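Novice: This structure is in structure tokens; I'll ask about it shortly.
The values are calculated or read from the model by the stated rules, or taken from the named source; none is laboratory data. These numbers come from a predicted model, not from an experiment. Glycine also receives a Cβ, built like all others from the backbone with ideal geometry; neighbour counts cover every protein chain displayed.
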Amino acid sequence: MRNPAVTTELKNLDLRELGERLKQARDELLDLRLKRRLGTSGKPHLLRALRKEIARLETFSRMREKEMGKMGDRIDK
């Protein structure tokens, strides 16, 4: 189940901030994958949580891009 506070927080971020958080999450996922392959990660549940967070960030990022595109269309007309 999603945390409504996190969803609200993501809605308030601009495209740049979403991109920064997305990069951080991807870097952390890479680190966890490497640790898993080496056998040093004791928290396999974090992989799934990070993948979901990345998907959520990508969704909000895409929504923000679409909003910006619509604004550009309105300005041009």
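Novice: Cβ-Cβ under 6 Å, sequence separation 6+ or interchain: first residue in the stretch 56-77 and aromatic (Phe, Trp, Tyr), partner modelled with pLDDT of 65 or more and in a helix (DSSP H, G or I). Which pairs?
Specialist: That search, which allows pairs on different chains as well, returns 60/10; 60/18.
Novice: Under the condition of being more than 20 Å from residue 7 (Cβ to Cβ) and among the polar types (S, T, N, Q), which residue from the stretch 17-68 is nearest to the chain's Cα centre (by Cα)?
Specialist: It comes out as 41.
Novice: Anything in the stretch 1-16 that is over 14 Å from the mean Cα position of the chain (by Cα) and either over 15 Å from residue 56 (Cβ atoms) or among the small types (Gly, Ala, Ser) (or both)? List them, or say none.
Specialist: 5
Novice: Looking at the stretch 7-26, I want the residues that are over 16 Å from residue 49 (Cα atoms) and have a partner that is basic (Lys, Arg) with Cβ atoms under 6 Å, at least 6 apart or on another chain. Which pairs are those?
Specialist: From residues that are over 16 Å from residue 49 (Cα atoms), the pairs are 15/64.
Novice: If you don't mind, another one. Restricting attention to the stretch 26-41, which residues are assigned to a helix (DSSP H, G or I) and surrounded by 13 or more Cβ atoms within 10 Å (Cβ to Cβ)? I'd like the intermediate steps shown before the answer.
Specialist: The initial filter retains those residues of the stretch 26-41 that are assigned to a helix (DSSP H, G or I), namely 26-38.
26, 28, 29, 32, 33, 35, 36 - these are the residues of the stretch 26-41 that are assigned to a helix (DSSP H, G or I) and surrounded by 13 or more Cβ atoms within 10 Å (Cβ to Cβ).
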